[in-house]
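Below: the structure, in structure tokens.
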Amino acid sequence: ELGSFWVVKDNFNEVLQRSIQIQGQSPLYYSILWASTRIFGFGSLGLRIFSVLCTLISCLLIFQLGRLLFTRKIGFYAIVCFLCCSQVIQSATDARPYALAMTLMLAASVALIQWNRTQSVKWLMSYGLALVATVYAHYLYALVILIHIPWIVINTFRAVPKKRIIFLILVFNLNTLL
């Protein structure tokens, strides 16, 4: 977090240079953090409020995923499980880009499911923008593509039951981990 403070403590041009040259990361998160510290100051609130906000938005997106794939009740349970994960709480309270990347990744996932359901160009463009922004926020979150590709392939066969789709996605993800 001291590194994040150092990146955003001076003018905006310094933020852009330091985020790329020193941190080796995209300036997207640091630009937003710079604005946050100008509004809320350089204390814990100013450095962490954006991550907390991203985590709250992630909760809404988790609910949306649960509702779209299953039921509203499952969406609520998913939020509880999400918030019980220590890594989620850690990223929510860190002045680092993980909460932003997680939010964008979840937004991309919601857009993908909506596009698959509606075939709307609006959702396809939303998916593309959210996916690019995810990778731009933190390159490690590009791994979500390993989940999205089988989702797209499997959902070209609309007659396949959801349970089988979820099982195949889980098997694919376990294989990519091994």
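Taking Kirkwood radius over Cα pairs in Å as calculated from this structure, the corresponding entry among (i) 16.0; (ii) 17.4; (iii) 16.5 is (ii). Every helix of 4 or more DSSP H residues in the chain counts as -39500 (n - 2.57), and over all residues that averages to -25500 deg cm²/dmol at 222 nm. With the charge dipole of region 1-152 set up from +1 on Lys and Arg Cβ and -1 on Asp and Glu Cβ about the Cα centre, the Cα lying farthest toward the positive end among the listed residues W34, A142, L129 is that of L129. Each of the peptides 99-106, 7-14 was scored by the mean count of other Cβ atoms within 10 Å over its residues; in descending order, highest first, they stand as 99-106, 7-14. Put simply, the Cα atoms of region 69-126 extend 36, 28, 9 Å along their principal axes, the longest span coming first.
Among G24, I49, G75, flag the residue with its Cα farthest along the positive direction of the charge dipole of the chain, charges on Cβ as +1 for Lys/Arg and -1 for Asp/Glu. Among G24, I49, G75, the one farthest towards the positive end of the dipole of the chain is G75.
As a calculated quantity, the FRET efficiency between Q90 and I39 at R0 = 41 Å, using C-beta atoms, amounts to about 0.95.
For the chain, the Cβ-based charge dipole about the Cα centre amounts to some 800 debye (Lys, Arg positive; Asp, Glu negative; other atoms uncharged).
Under the membrane-span-like helix rule (DSSP H runs whose alpha carbons stretch at least 15 Å along the helix axis, mean Kyte-Doolittle hydropathy -1.0 or higher), the chain yields 27-40, 44-69, 72-83, 98-118, 121-137, 162-177. Under 1.5 on a/c is rounded, so check that first for region 109-157, then, if it is not, pick prolate when a/b is larger than b/c and oblate when it is not; a ≥ b ≥ c are the square roots of the alpha carbon gyration tensor eigenvalues. Oblate, since a/c reaches 1.5 and b/c is not below a/b. Largest mean-square fluctuation among V88, V135, V121, in a Gaussian network model of the chain whose springs join Cα atoms under 10 Å apart, belongs to V121.
Bear in mind that the values in this text are calculations on the coordinates, not laboratory data. Keep in mind that this is a model prediction, so the values were computed, not measured. Glycine also receives a Cβ, built like all others from the backbone with ideal geometry; neighbour counts cover every protein chain displayed.
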